[in-house]
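Here is the structure we will look at.
The values are calculated or read from the model by the stated rules, or taken from the named source; none is laboratory data. Worth saying up front: this structure is predicted, and the values here are computed from it rather than measured. Cβ sites come from the backbone with ideal geometry, for glycine too, and all protein chains shown count toward neighbours.
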There are 2 protein chains.
Amino acid sequence: METRPKRRSELWFTEEQTRDMRLSLRVDATLLHAQTPYQELAVLDTPEYGRMIVLDGAIQITERDEFCYSEMMAHIPLCAHPAPGSVLIVGGGDGAVLREVLRHPCVTRAVLVDIDEQVIEASRRFLPSIASSMDDPRAEVRHTDAIEYIRNTHGEFDVAIVDSTDPVDFAAGLFEAPFYRDLRQALREDGMVIAQTESPFSDASVVTGAFDALRRVFPVARLCWGAMPTYPTGMWTYTVGSSSYDPSVPVRSCPPGTRYYTPDVHRAAFALPAFLSELIR
Amino acid sequence: METRPKRRSELWFTEEQTRDMRLSLRVDATLLHAQTPYQELAVLDTPEYGRMIVLDGAIQITERDEFCYSEMMAHIPLCAHPAPGSVLIVGGGDGAVLREVLRHPCVTRAVLVDIDEQVIEASRRFLPSIASSMDDPRAEVRHTDAIEYIRNTHGEFDVAIVDSTDPVDFAAGLFEAPFYRDLRQALREDGMVIAQTESPFSDASVVTGAFDALRRVFPVARLCWGAMPTYPTGMWTYTVGSSSYDPSVPVRSCPPGTRYYTPDVHRAAFALPAFLSELIR
């Protein structure tokens, strides 16, 4: 009699990227699965992308590809601003964008405002090499509502980085003009802001909506893009609002140790495929 | 008694992009599912990306995002070569790259060699607006083994475009130095070749292997990249081998009607993220 091979359980995480598209990653281990006051939080180990944090079913960060996103979010504004001393990060509780911000020795103060303390705790526990950026003496971590915090802040920051979740539920306000207006007031006169603004293929209305909102508030608004494998479609946009400087031109040298960002990549990120220029016309 | 809502069948196509990662697309209709002498062939309608052709379980082309790939493959070499009159396409039986090639009025002859006649027939039947490029009087379609065809061709083409499937089975030879050597002989003395060389995240060894092979055969070898949502990780590489001209510099104007390619996108595509430069060092 033939012996049937022993079978093993297969565990897969599936993100419903749109109603009609799903990305699935094999899971080696589920390290955390909890409901916070704000969202569902999971930490999973995957063979494809290493350890990852998932919020409300959407991948936020993976060990293997986060550098693509974190470096764009930090170094585009920090290299385009001539003297970024103080930086505000909205969201980003994992600490990856903060880590990139702190690579710049000219940064003397970096405030990270993430409403969900449990995301920060999960990152400290499960992604310690990333979250250790929060122990830097220049870093200041606040668990509070960023919209409130910014409303009460005036002329304090050179650069703001909006590292938000998708524009649903409590994060929806982070993509609208009133928020950007308060954000501009929180910045110094020559300040600059960058926001992650989703994929032009799966969320074109977010790209256009956020861009139009930023354009109404800042004299300069520019769109740029990059690769980001674990986000829907792998093509990700970033919108920059600026009071004075051209965001597409790096004027400061790039700190050593980057794996995605280079000064050439900075300039190239603003060369938009024709359909993307069309989208924000 | 509560009435239970009527349920509907859900049909999904799933591509096993790697052993540990899958992309799933909802399917509205299965138009064709057949075994050709060379591969499994399916034509599916999807709400996310429109109509698509699948070979051996891997998405080859979708109506909604093929322009990202087709325009890079055609316009990078055709705009970097000063006078591309004759063009060879290896694979590409759907006709999309051919359509882009024929946008250039200077092209007087475009030969498409795809081993699988049934792919060409499926494209003519189900993607007629794309496949109609094959009816252009300048186009010549051959259902034959490209490796054989190229071995018997000498000094005929200005540009060759290797629009192959993944490097498995009968297509594996299309990523190796002996093939590139024959290809160089099939080109005129100042010829140029571009090949799709997969994703640096999911198939880094293909990027390095194909690049090294091309570098051994051509005096100039350059890597560039672009977004391609339905291919694994959404970040796609293209390797260019050139006998004379710098592939990164567009010297001819871009034909009207492109949706991805622009001269700025051409130059920007050669600005490699740091990890990608590192990969081919």
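Scanning the stretch B:270-281 for residues that are within 7 Å of chain A (Cβ to nearest Cβ) and either over 21 Å from the mean Cα position of the chain (by Cα) or at positive phi (or both) yields B:PRO273, B:ALA274, B:PHE275. The number of residues in the stretch B:224-269 being at the interface with chain A (Cβ under 8 Å from one of its Cβ atoms) and out of contact with any Phe, Trp or Tyr (no Cβ under 7 Å at 6 or more places or on another chain) comes to 9. Here A:GLN196 meets the list (1) of a type in the set (S, T, N, Q); (2) more than 17 Å from A:LEU55 (Cα to Cα); (3) at pLDDT 95 or above; (4) out of contact with any Lys or Arg (no Cβ under 6 Å at 6 or more places or on another chain) almost entirely, failing just condition (2).
When the stretch A:196-217 is filtered for residues that are more than 16 Å from B:GLY234 (Cβ to Cβ) and surrounded by fewer than 24 Cβ atoms within 10 Å (Cβ to Cβ), the ones remaining, listed by number, are A:SER205, A:VAL206, A:THR208, A:GLY209, A:PHE211, A:ASP212, A:ALA213, A:ARG215, A:ARG216, A:VAL217. When the residues of the stretch B:257-272 are filtered to those that are surrounded by fewer than 19 Cβ atoms within 10 Å (Cβ to Cβ) and free of Cβ contacts under 8 Å to residues at least 24 places away in the same chain, the one that is farthest from A:PHE270 (Cα to Cα) is B:ARG267.
Of all residues in the stretch A:207-255, which are assigned to a strand (DSSP E or B) and either among the basic types (Lys, Arg) or not assigned by TED's automatic domain parsing to the domain that holds A:PRO105 (or both)? Scanning the stretch A:207-255 gives a single hit, A:ARG222.
Return the residue satisfying two criteria in turn: it lies in the stretch B:92-108 and is assigned to a helix (DSSP H, G or I) and over 11 Å from the mean Cα position of the chain (by Cα), and of such residues it is nearest to B:GLU71 (Cα to Cα). Only one residue tops the list, namely B:GLU100. Taking the numbered list (1) over 17 Å from the mean Cα position of the chain (by Cα); (2) under 30 Å from A:VAL43 (Cα atoms); (3) not aromatic (Phe, Trp, Tyr) in turn, A:GLY173 passes all entries but (1).
Could you tell me whether the stretch A:61-80 includes any residue that is at pLDDT 95 or above, out of contact with any Lys or Arg (no Cβ under 8 Å at 6 or more places or on another chain) and over 26 Å from A:THR262 (Cβ atoms)? No - not one qualifying residue is present in the stretch A:61-80. Inside the stretch B:62-91, residues that are touching a helix residue (DSSP H, G or I) at 6+ places or on another chain (Cβ under 6 Å), closer than 30 Å to B:TRP12 by Cβ and part of a strand (DSSP E or B) make up a count of 0. B:PHE170 meets each of the listed conditions (1) of a type outside the set (Gly, Ala, Ser); (2) closer than 28 Å to B:LEU32 by Cα; (3) assigned to a helix (DSSP H, G or I); (4) at pLDDT 95 or above apart from (4). Annotation: B:GLY50 fulfils all but one of (1) within 14 Å of chain A (Cβ to nearest Cβ); (2) over 25 Å from B:VAL159 (Cα atoms); (3) crowded, with 17+ Cβ neighbours inside 10 Å; the unmet one is (3). For first residues located in the stretch A:234-247 and more than 26 Å from A:PHE201 (Cα to Cα), partners that are of a type outside the set (A, V, I, L, M, F, W, C) and assigned to a strand (DSSP E or B) and lie 6+ apart or on another chain with Cβ distances below 6 Å form the pairs A:SER243/A:ASP190; A:SER243/A:GLY191; A:SER244/A:ASP190.
When you look at B:SER205, is it free of Cβ contacts under 8 Å to residues at least 40 places away in the same chain, among the polar types (S, T, N, Q), in contact with a Ser or Thr (Cβ under 7 Å, 6 or more places away or on another chain) and at negative phi, yes or no? So B:SER205 fails the test.
In the stretch A:58-70, the residues that are away from chain B (no Cβ under 13 Å) and buried (at least 23 other Cβ atoms within 10 Å of the Cβ) reach residues that are hydrophobic (A, V, I, L, M, F, W, C) and not in a strand (DSSP E or B) with C-beta atoms within less than 7 angstrom, at least six apart or across chains, in these pairs: A:ILE61/A:ALA96.
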